Amino acid sequence: MEAVMLRSIRWFLWMRVAVIGFVIAAAVVLTLLRILVGALAFYHQEIEGRLSNELGAPVRFESLAADWVYFDPVLRLQGLSLGPESSDHLRVDRFSIRLDGLKSIMGKAPVLRELEVIGLQAVIAPDELGNWRVSGLPARTRSPEVDYLKLFEQSGRLVIESSKISVEGPYPFAIEIESDGQGLRLATTESHRVLSGSFRVVSDTASAVRFQEVATIIARFKGVSGSVLRSDFDAFLTLKPAEIEADDGPIPMGQHELSAELWVTASGGAGQIVGSSDWASYLSEEAGQGQPDVALRSSIEGDFSQTEGSFSVLLPDAQLKVSGQAIEIGPIGLAG
């Protein structure tokens, strides 16, 4: 009996020593990692060079700060710009990422836990081949070491605020995300990821058409990891015309307004769209005043495939009015 008690006491003492040793070792490792991560700020030019080589375009930033939160490295950049110095077509006032340290080590690839983008300014335009890309960034000649789209869409938390993305083309417009504390946010709950927020879609002053829409979205994605774009989800999207300031300049193709409500769901790669829309076009010089010159109202039905990238949309009961006169047109369909 005494021998058993002695063995139990020794085992307990060894376990206590082991636990204390593990805690001390973990504290030392975390301290060293914090020091190493914090030292990144002293390698400003080296990091700019590495990022430039990886992205295939000049990368510059005003300041860099790094930290270690629990087991996660955190990197914060101020005044980030990508592209030739004379253009800086892509700029970010504040950029912060937090990696999931344990998952990154176990998966042997970076896993993003949090991403914050504040003050994004970007221009998207077609190149000589008609492909859409961010202006100022060259076409890729090789595959990147990191799949950035996959990295971002697997983020557990995402915040985008005070940003503007300009889209050039035949009818240029901009996507504006306000700084009202809401912006676009992706948050993770116990079993889902939830995307919520609002943004504006505004026509450029040089565009032949004029419009300004406010889009509001709330979407719930099943699961807390994996690709957001390929997961099962249900979403509710609304579009409402915003008030446009009076403009004495000519509008060659008039002012247009769209009100819509859409319920979108996806399960197993197949999705459905249900909703309604109300389109109004003011083509006369008194754009936006009185009755619209052209109005189209209908419910919306559709489906899409996440795996094939295909879709089809039907306006089954379209009602068209031109100068107040109703015109029978029947169902309208669109597929791609």
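Is it the case that LEU262 is modelled with pLDDT of 85 or more, touching a Ser or Thr at 6+ places or on another chain (Cβ under 9 Å), more than 30 Å from GLN154 (Cβ to Cβ) and in a strand (DSSP E or B)?
Answer is no for this residue.
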Among (1) more than 26 Å from ASN131 (Cβ to Cβ); (2) crowded, with 17+ Cβ neighbours inside 10 Å; (3) of a type in the set (Asp, Glu), the one test that GLU153 misses: (1)
Scope segment 169-212; condition touching a strand residue (DSSP E or B) at 6+ places or on another chain (Cβ under 7 Å), surrounded by fewer than 17 Cβ atoms within 10 Å (Cβ to Cβ), modelled with pLDDT of 80 or more and assigned to a loop (DSSP other than H, G, I, E, B); matching residues: ASP204
Test: residue in segment 70-78 that is farther than 22 Å from LEU186 by Cα and surrounded by 18 or more Cβ atoms within 10 Å (Cβ to Cβ): no
Search result, residues across segment 44-53 that are at pLDDT 75 or above and surrounded by 14 or more Cβ atoms within 10 Å (Cβ to Cβ): ILE47, GLU48, LEU51, SER52
Residue that is modelled with the highest pLDDT [pool: residues in segment 303-336 that are within 23 Å of MET253 (Cβ to Cβ) and assigned to a loop (DSSP other than H, G, I, E, B)]: ALA318
Selected residue [touching a strand residue (DSSP E or B) at 6+ places or on another chain (Cβ under 8 Å) and modelled with pLDDT under 85] from GLY275, GLY254: GLY254
For THR141: the one exception among (1) surrounded by fewer than 18 Cβ atoms within 10 Å (Cβ to Cβ); (2) of a type in the set (S, T, N, Q); (3) at pLDDT 75 or above; (4) under 23 Å from LEU55 (Cβ atoms): (3)
First in segment 310-336 and within 16 Å of LEU262 (Cβ to Cβ) and surrounded by fewer than 13 Cβ atoms within 10 Å (Cβ to Cβ), second anywhere and modelled with pLDDT of 85 or more and of a type in the set (Val, Ile, Thr), Cβ under 9 Å, 6 or more apart: PRO316/ILE300; PRO316/ILE332; LEU334/VAL313
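Hey, could you check segment 290-310 for residues that are of a type in the set (A, V, I, L, M, F, W, C) and over 13 Å from VAL322 (Cβ atoms) and say which is nearest to the chain's Cα centre (by Cα)?
PHE304
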Segment 279-302: number of residues that are modelled with pLDDT of 90 or more, surrounded by fewer than 17 Cβ atoms within 10 Å (Cβ to Cβ) and of a type in the set (D, E, K, R): 1
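Test ALA246 against the criterion of being crowded, with 17+ Cβ neighbours inside 10 Å, at pLDDT below 90, out of contact with any helix residue (DSSP H, G or I) (no Cβ under 9 Å at 6 or more places or on another chain) and closer than 27 Å to SER203 by Cβ, and give yes or no.
No.
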Conditions (1) in contact with a strand residue (DSSP E or B) (Cβ under 9 Å, 6 or more places away or on another chain); (2) surrounded by fewer than 18 Cβ atoms within 10 Å (Cβ to Cβ): number failed by LEU90: (2)
Flag for SER227 being surrounded by fewer than 16 Cβ atoms within 10 Å (Cβ to Cβ), closer than 22 Å to PHE304 by Cα and at pLDDT below 80: yes
Single residue of segment 54-66 satisfying the filter (exposed (fewer than 15 other Cβ atoms within 10 Å of the Cβ) and without any contact (Cβ under 8 Å) to a residue 60 or more places away in the chain) that is nearest to LYS103 (Cα to Cα): ALA65
Output for segment 78-96, where each listed residue is more than 22 Å from SER166 (Cβ to Cβ) and either modelled with pLDDT under 85 or over 19 Å from the mean Cα position of the chain (by Cα) (or both): GLN78
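The values are calculated or read from the model by the stated rules, or taken from the named source; none is laboratory data. Note that this is a predicted model, so its numbers are computed, not measured. Cβ atoms come from the backbone with ideal geometry, glycine included; neighbour counts cover every protein chain shown.
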